[in-house]
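None of the figures in this text is laboratory data; all of them are computed from the coordinates on show. No experiment lies behind these values; they were computed from the predicted model shown. Cβ atoms come from the backbone with ideal geometry, glycine included; neighbour counts cover every protein chain shown.
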Amino acid sequence: MDLFRRHENNPILTVNDLPVHAIAVYNPGVAEMNGEVILLLRVELADGRSSLYVARSKDGVNNWEVSPTPLLAPDDPDNPIAEYETIGCEDPRLTYIAELDEWLIAYVAVSDAGPAVALARTKDFKSAERIGIVLAPPNKDAAVFPRRINGRWFMLHRPMSWGTEHIWLAESPDLIHWGNPKIVLRERGGTWWDGVRVGAGNVPIETPEGWLIIYHGVKEVAGTPSYRLGLALLDLDDPSKLIARCRYPVFSPNADYERVGNGLNIVFTCGALVRGNEVWMYYGAADTCVGLAIAKLDELLDAVKNDRL
């Protein structure tokens, strides 16, 4: 059933490729800039807390150069939101904002207050400026759309309450103040592959058919969750409208490095690149390492339109 094919070099990044001692590297955000593929890696260090490190590669597969110092870390000096990042910085999504000529980083700031959605900005991935907490805990899986829609900015996110975890949409006039929440994609419940929870994956991809999102869905069997990836389409002019949702997952944890690691049965994406008619999806495998899987964009669109509910 997988529409994405795994790269033959998988996993493309492990802890052995890092210049620091770490427990795991996974769930990277992805960007392409100045002829390089950039991954913003979630690196779980020896103390168990996560920081975000930059990796660069000319071809997006080999010869990764990983910075020895993090771009965002809980112990950054002069951190204006330090009290909300004491446990870590996790799961970044990277959105290029052409209007501002900079990249927006949506990530999870974790502390004893819970996981919150935070934003930061960068022009070069050499330094970053925190905007701050924009959605209070418990909330995560945030991804900002790459352009204004009818004069407003939009962001997917996943609040958690009363045992439900749906994908919501928030809007903003200025990338700082967010509101007017709406549910755009619900967990399906029951024995569905995405019945227990859902969450946004990549930054939405603009296509003539609508905004294409790759999202993760979770099912529990015998108390063990399994993370798979599915597809949905949102309306171009009103992303609160769900056009289509694929009935089946399009990528599942079948490889050994996806099934067993620090976690079990997990494929989890925070970013994908469109390169011609291909979608290069970078993903975390078993909360341990980074994989790459590639699919045809037209095949993904066909799947979400033809196999929809």
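At-a-glance table
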| read-out | value |
| --- | --- |
| Strands (runs of 3 or more DSSP E) (entirely within the range 196-276) containing at least 2 residues that are farther than 17 Å from residue 305 by Cβ, of a type outside the set (Asp, Glu) and touching a residue at least 12 places away in the same chain (Cβ under 8 Å) | 197-200, 210-221, 224-234, 267-275 |
| Every residue from the range 270-309 that is among the small types (Gly, Ala, Ser) and either closer than 18 Å to residue 234 by Cβ or surrounded by 15 or more Cβ atoms within 10 Å (Cβ to Cβ) (or both) | 271, 272, 284, 285, 286, 291, 293, 295, 303 |
| Residue list for the range 277-286, restricted to those being touching a helix residue (DSSP H, G or I) at 6+ places or on another chain (Cβ under 9 Å), farther than 24 Å from residue 195 by Cα and touching a residue at least 60 places away in the same chain (Cβ under 8 Å) | 279 |
| Contacts under 7 angstrom Cβ, first residue in the range 64-93 being free of Cβ contacts under 8 Å to residues at least 60 places away in the same chain, partner of a type in the set (Ser, Thr, Tyr) and in a loop (DSSP other than H, G, I, E, B), 6 or more apart | 74/86 |
| Subset of the range 250-291 that is β-branched (Val, Ile, Thr) and under 17 Å from the mean Cα position of the chain (by Cα) - its residue that is farthest from residue 40 (Cα to Cα) | 250 |
